[in-house]
1. Could you go through segment 333-343 and let me know if any residue there is closer than 30 Å to E6 by Cα, touching a residue at least 60 places away in the same chain (Cβ under 8 Å) and open to solvent by 30 Å² or more (accessible area, probe 1.4 Å).
2. Tell me which residues, restricted to segment 350-368, are more than 15 Å from the ligand (Cβ to nearest atom), without any contact (Cβ under 8 Å) to a residue 60 or more places away in the chain and either open to solvent by 10 Å² or more (accessible area, probe 1.4 Å) or not assigned by TED's automatic domain parsing to the domain that holds Q310 (or both).
3. Surrounded by 24 or more Cβ atoms within 10 Å (Cβ to Cβ), of a type in the set (A, V, I, L, M, F, W, C) and not assigned by TED's automatic domain parsing to the domain that holds S385, is that true of A225?
4. Of all residues in segment 196-218, how many are surrounded by fewer than 16 Cβ atoms within 10 Å (Cβ to Cβ) and free of Cβ contacts under 8 Å to residues at least 60 places away in the same chain?
5. Are there any strands (runs of 3 or more DSSP E) wholly within segment 206-279 with 2 or more residues that are closer than 19 Å to K79 by Cβ, and if so which?
6. How many of the residues making up segment 70-96 are open to solvent by 20 Å² or more (accessible area, probe 1.4 Å) and within 30 Å of S53 (Cβ to Cβ)?
7. Kindly indicate whether G401 is away from the ligand (no atom under 16 Å from the Cβ) and either part of a helix (DSSP H, G or I) or crowded, with 21+ Cβ neighbours inside 10 Å (or both).
Amino acid sequence: MSYDVEKIRSQFPVLALHDKDPKPFAFLDSTATTQKPEFVIDAMDNFYRKHYSSIKRGVYTMAAQTTDAYESARKKAAKFINAKRESEIIFTRGTTASINLAAWSYGRKFLKPGDEIVISALEHHANIVSWQLIAEERGAKIKVIPVADDGDLILEKIPELVVPGKTKIVAFTQISNTIGTENPVKEIIQTIRHIDPSIKILIDAAQSAPHKKIDVQDLDCDFLAFSGHKMYGPTGIGVLYGKYEILESMPPLEGGGEMIDQVTFEKTTFALPPERFEAGTPPIAEVIGLGAAIDWINQVGIEAMYQHEQEILKYAEEKLREIPGLHILGNPKHRGSLLSFTLDSAHPHDAATLLDEDGIAVRSGHHCAQTVMQRFCVPATIRASFGAYTQKWEIDRLVEGLLRVNRIFSL
Ligand code: 7TS
């Protein structure tokens, strides 16, 4: 069956509402966060209106039902990335919190002075700063896989950078949020495993989970992090996947309710994963919303969404390349559904402000990836990014808007 983007778009209240505006809203910022389908909003609304209670704390029927709903979302998340066990799914606040949890919990116990952590030159700050903080505390060192001008990582450097016995963690993104580069994750993991199978590998899947089928067993990563709000779900919820035996070896990061086994004033023993890492009353509605978002993605079909987004990307790239003085960052072998670019005529913030006057939403700035800006010698970029609901007329509006920016700034 062909992909019916209009039907899909009509399921998103914000988009359906503003499609009626005199200047229909072109939402080209899905890399920052996606809009939410009615299905997800209804799931959360129903929970608050009809079933609201806490989880794991009460014996009354509604609390038991809510606990089931919460745990069923964990099952959905496990299936979504093909985890071996549901207990390998830890609910967090989002990708940032997931990476920090892995860095602090694993790093505090296992990193020693002189150890090395390898990241890539395409990382979001979440996958740089978290490692810098733990590296500083433990006396470890950070090394970086460089990126070529086309936006692809220079994979030949990996055997130089990853040193058996020294490198303890390699953390890198599956899809760059700035250039859009899709890294050959499986190939990179195999290279690292070949060098030293004991190295722990974390994949930042914030930009891939909404677009690509992920199979953590096939990839053979140790950790994988993603956010609900970038995959049609709510804010305030994300996942840290970890291989169970690794999670079991890690100490808790936060202490509090429901993460314990036995507490006395002298000593506390801890619950098994995932509870060990979910202290306090969790964001229950958000977990239910994430479960609904996964159901929604499965209904639409992630491969069909990806194909649609790639078609939009191709269309956008062709159209943008025709605009005088516009420069697209990188030309990687495989690109996710986003384009970062600069204009000779205007600073990205000025361009984005003028685009906003036309009802076109893009992100401008460094996209929380200052090191990518430094590498490509630009202070900032304009970024247009696409999702399951993006239509070609939005790209046409972007092109018209950018031509207007060119006209205004060359006056
Ligand atoms: N990793 C990558 C690759 C990201 O793109 C982002 C967010 C994060 C981690 C952090 O995710 P969070 O949900 O914890 O914030 N990226 C963006 C962006 O590109 N524009 O706004 C947020």
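1. yes
2. Once the filter is applied, which keeps residues that are more than 15 Å from the ligand (Cβ to nearest atom), without any contact (Cβ under 8 Å) to a residue 60 or more places away in the chain and either open to solvent by 10 Å² or more (accessible area, probe 1.4 Å) or not assigned by TED's automatic domain parsing to the domain that holds Q310 (or both), segment 350-368 yields D350, T353, L354, D356, E357.
3. Yes; evaluated as a whole, the condition is true for this residue.
4. 3
5. 223-227, 238-242
6. Here the count works out to 10.
7. Considered against the rule, which asks whether it is away from the ligand (no atom under 16 Å from the Cβ) and either part of a helix (DSSP H, G or I) or crowded, with 21+ Cβ neighbours inside 10 Å (or both), G401 comes out as yes.
Here is a yes/no grid of residues against (1) more than 22 Å from K84 (Cβ to Cβ); (2) of a type outside the set (D, E, K, R):
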site: Q207; (1), (2): yes, yes
site: D220; (1), (2): no, no
site: T235; (1), (2): yes, yes
site: V239; (1), (2): no, yes
site: I246; (1), (2): no, yes
site: T268; (1), (2): yes, yes
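The values are calculated or read from the model by the stated rules, or taken from the named source; none is laboratory data. In this text, all values refer to a predicted model and were calculated from it rather than measured experimentally. With ideal geometry, Cβ positions are generated from the backbone for all residues, glycine too; neighbour counts draw on all protein chains shown. Calculation scope for accessible area: heavy atoms of the full protein, side chains included, ligands and nucleic acids excluded. Shrake-Rupley method; radii C 1.70, N 1.55, O 1.52, S 1.80 Å.
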